[in-house]
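Notes follow the structure.
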Amino acid sequence: MGKTIKIIYGSSTGNTRRAAEAIAAKLGGEVINVAEAGPDDFKADLLILGTSTWGCGELQDDWQNALPMLESADLSGTPVALFGLGDSVGFSDTFVNGMAEIADKAVAAGGRLIGKWSSETYSHTGSTAEENGFFVGLALDEDNEPGETDGRINQWCARLADEL
Ligand SMILES: Cc1cc2nc3c(=O)[nH]c(=O)nc-3n(C[C@H](O)[C@H](O)[C@H](O)COP(=O)(O)O)c2cc1C
């Protein structure tokens with residue numbers, strides 16, 4: 001796309017990291033572990049932020065620590081796309097909740113969210129990251145639907161390119 005793309009992820013067991021790498025393989029861009037991110041990493045033409053959800057609907061640990069950096073970033077006019085890893089069966093009523101926290105902070109920092117994703121085909125019962133049949137970003141479930149991940153990423157990346 002000829003633009004600076006940064007893909008910043010937080011991952012405890014590697015699922016979100018692998019998704020970040022797959023997205024980078026499609027769109028290009030720099031892949032950054034949020035545990036090692038600095039304020040300058042939040043400057044890009046397209047920011048893609050990924051997190052898993054832990055506890056009972058909580059943001060991944062490294063993201064918890066990095067939230068102040070996102071809060072103080074100036075994202076005015078920056079398109080921001082989100083992706084979230086979760087477990088739609090074992091944690092059906094807090095599925096990918098972590099994405100919602102990042103979405104709130106990114107919007108408060110002036111970011112323009114892109115890449116909403118239909119929640120129709122998922123078996124979850126509740127998510128704070130869902131509104132009117134859409135997740136705020138791409139939802140992935142490596143615990144129950146690993147076979148869907150590549151296709152979902154491909155389709156989402158194609159759509160992001162269109163939305164930009
Ligand atoms: C103790 C524990 C709590 C979890 N809590 C949630 C949750 O509340 N909501 C959710 O969608 N997934 C939850 N998950 C599932 C993880 O988010 C999922 O396995 C994810 O792929 C992990 O990604 P990561 O390896 O990048 O951290 C939980 C998993 C464990 C083991």
Scan segment 87-98 and tell me whether some residue there is within 17 Å of V136 (Cα to Cα) and among the hydrophobic types (A, V, I, L, M, F, W, C). yes
Would you be able to say whether some residue in segment 48-59 is near the ligand (Cβ under 9 Å from one of its atoms), open to solvent by 60 Å² or more (accessible area, probe 1.4 Å) and under 15 Å from the mean Cα position of the chain (by Cα)? yes
When S92 is evaluated against the numbered criteria (1) out of contact with any strand residue (DSSP E or B) (no Cβ under 6 Å at 6 or more places or on another chain); (2) away from the ligand (no atom under 12 Å from the Cβ), which criterion, by number, is the only one it fails? (2)
Restrict the check to segment 27-45 and report whether at least one residue is more than 14 Å from the ligand (Cβ to nearest atom), under 18 Å from R159 (Cα atoms) and either assigned to a helix (DSSP H, G or I) or touching a helix residue (DSSP H, G or I) at 6+ places or on another chain (Cβ under 6 Å) (or both). yes
Of the conditions (1) open to solvent by 50 Å² or more (accessible area, probe 1.4 Å); (2) within 16 Å of the ligand (Cβ to nearest atom); (3) in contact with an Asp or Glu (Cβ under 7 Å, 6 or more places away or on another chain), the single one that S119 does not satisfy is (1)
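Could you list all residues from segment 122-146 that are open to solvent by 30 Å² or more (accessible area, probe 1.4 Å) and either within 16 Å of the ligand (Cβ to nearest atom) or among the hydrophobic types (A, V, I, L, M, F, W, C) (or both)?
If we filter segment 122-146 for residues that are open to solvent by 30 Å² or more (accessible area, probe 1.4 Å), which is where we start, we get 123, 125, 128, 130-134, 136, 142-146.
Hits for segment 122-146 are S123, T125, T128, E130, F134, V136, E142, D143, N144, E145, P146.
The values are calculated or read from the model by the stated rules, or taken from the named source; none is laboratory data. This one's a predicted model, so the numbers in the text were calculated from it and none came from an experiment. Don't worry about glycine lacking a Cβ; one is built from the backbone with ideal geometry, like all the others, and counts go over all protein chains shown. Surface areas here come from the heavy atoms of the whole protein model, side chains and all, with no ligands, DNA or RNA. Shrake-Rupley method; radii C 1.70, N 1.55, O 1.52, S 1.80 Å.
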